[in-house]
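The values are calculated or read from the model by the stated rules, or taken from the named source; none is laboratory data. As the structure is a computational prediction, the values presented were derived from the model and not from experiment. As a convention, Cβ positions derive from the backbone with ideal geometry for all residues, glycine included, and neighbour counts pool all protein chains shown.
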Amino acid sequence: MTSNLPGQGVAAELGVPVSGGLPPDLRVWDLLLRLTHWSFPLLILAMWWTAENSKWAWHRRLGLVLLGILLFRVLWGFVGPETARFASFVRGPRAVIAYLRGALPDTANRIGHSPIGGWSTLALLAAMLLQVSMGLFAGDPFDGMTGPLNPLVGVLTADTITELHETFFWVLAGLIGLHLSAIVFYAVKGNDLVSPMVSGDRPPMQAVAGIGPTPWVRGLIAATLAAGFALWVAYGAPPLT
Ligand code: HEM
């Protein structure tokens, strides 16, 4: 459990013990998850802008960065702290229905995604991964920039994927719109989800522990694997032998 005072989130992140008489905040989201999260709006805006303005070299570079970050987030879903793990927030339909009916007894005593938030997390990550994956094959080799895996498919297939890539952007935009609406909805109900996603901490709750520090080596290994894979893709996925 992380025990830190309000505003001393960084100390807690670094595992530095803090003391004092104020009630301790709870660490809900680790630093890597938050950095990953805030890179999404920045990168998606930038990728939209580069596509609108035909800055294809940058569109391709940023897409590969987004691919690496998404892969890292997926790995973090297995080796990261509890609130980052898929196993902790992907709940069955019964929990989702009970949550929607306000009948889930443990919702007040948990940190991390709600059952519905867990599914929306999966949907957003999957939609971004699908969009980036289509971009890898998109483009026309005889007319402008292509994704690094474009030579692996025929021109007609690439053409279809390119159209899907353009259309699916609106599906992703719709999911992002839903995501932002949900955040506004909770804010109106008095539940501020944004501050914890910025600072990592939320006010204390009775008998609930925050997440503890995660061994940094796990983050390093996950980041290296994700970056390595993205680089391999950037070079057109050459044979490894
Ligand atoms: C392109 C735009 C965005 C995308 C793709 C996106 C995606 C996501 C994803 C995948 C998560 C799950 C976090 C995780 O477990 O890794 C999440 C959570 C969250 N996002 Fe976003 N996000 C976007 C923009 C924003 C913006 C602009 C805000 C704030 C104004 C925001 C606020 C939040 C908050 C508060 C959570 C935590 C929700 C919870 O408590 O369950 N997001 N977002």
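The single residue among Gly135, Gly112, Gly118, Gly139 that is crowded, with 16+ Cβ neighbours inside 10 Å and touching a strand residue (DSSP E or B) at 6+ places or on another chain (Cβ under 8 Å) turns out to be Gly139.
Considering the conditions (1) modelled with pLDDT under 95; (2) in contact with a Pro (Cβ under 8 Å, 6 or more places away or on another chain); (3) of a type in the set (Lys, Arg), Arg94 is excluded by exactly one of them, (2). Flag not set for Arg202, criterion: closer than 30 Å to Met134 by Cα and of a type in the set (Lys, Arg). Within the set Tyr99, Tyr186, the sole residue that is surrounded by fewer than 16 Cβ atoms within 10 Å (Cβ to Cβ), within 15 Å of the ligand (Cβ to nearest atom) and under 22 Å from Ile211 (Cβ atoms) turns out to be Tyr186. Among Leu152, Leu124, Leu136, Leu164, which is the only one that is under 30 Å from Arg85 (Cβ atoms), aliphatic (A, V, I, L, M) and away from the ligand (no atom under 16 Å from the Cβ)? After ruling out the rest, the residue left standing is Leu136. Screening Ala227, Ala207 for residues that are exposed (fewer than 12 other Cβ atoms within 10 Å of the Cβ), of a type in the set (A, V, I, L, M, F, W, C), away from the ligand (no atom under 16 Å from the Cβ) and in contact (Cβ under 8 Å) with a residue 24 or more places away in the chain leaves exactly one candidate, Ala207.
If you go through the range 106-140 and keep only what is assigned to a helix (DSSP H, G or I) and polar (S, T, N, Q), you end up with Thr107, Asn109, Ser120, Thr121, Gln131, Ser133.
Checking each residue in the range 213-241 for being under 18 Å from Phe137 (Cβ atoms) and either of a type in the set (A, V, I, L, M, F, W, C) or in contact with a Phe, Trp or Tyr (Cβ under 8 Å, 6 or more places away or on another chain) (or both) picks out Phe229, Ala230, Leu231, Trp232, Val233, Ala234, Ala237, Pro238. I'm trying to understand the selection: among the residues of the range 52-73, which are free of Cβ contacts under 8 Å to residues at least 60 places away in the same chain and either part of a helix (DSSP H, G or I) or within 11 Å of the ligand (Cβ to nearest atom) (or both)? Hits for the range 52-73 are Glu52, Trp58, Arg61, Leu62, Arg73.
Taking the range 68-96 as the range and being over 18 Å from Thr214 (Cβ atoms) and within 15 Å of the chain's Cα centre (by Cα) as the test, the residues that pass are Gly68, Leu70, Val90.
Working only within the range 194-204, note down all residues that are surrounded by fewer than 16 Cβ atoms within 10 Å (Cβ to Cβ) and within 15 Å of the chain's Cα centre (by Cα). Within the range 194-204, Val194, Val198 meet the criteria. When the range 141-166 is filtered for residues that are in contact (Cβ under 8 Å) with a residue 60 or more places away in the chain and part of a loop (DSSP other than H, G, I, E, B), the ones remaining, listed by number, are Gly144, Met145, Gly147, Pro148, Leu149. With the requirement that a residue be closer than 23 Å to Gly228 by Cα, near the ligand (Cβ under 10 Å from one of its atoms) and among the aromatic types (Phe, Trp, Tyr), what does the range 75-96 give you? Within the range 75-96, Trp76, Phe86 meet the criteria.
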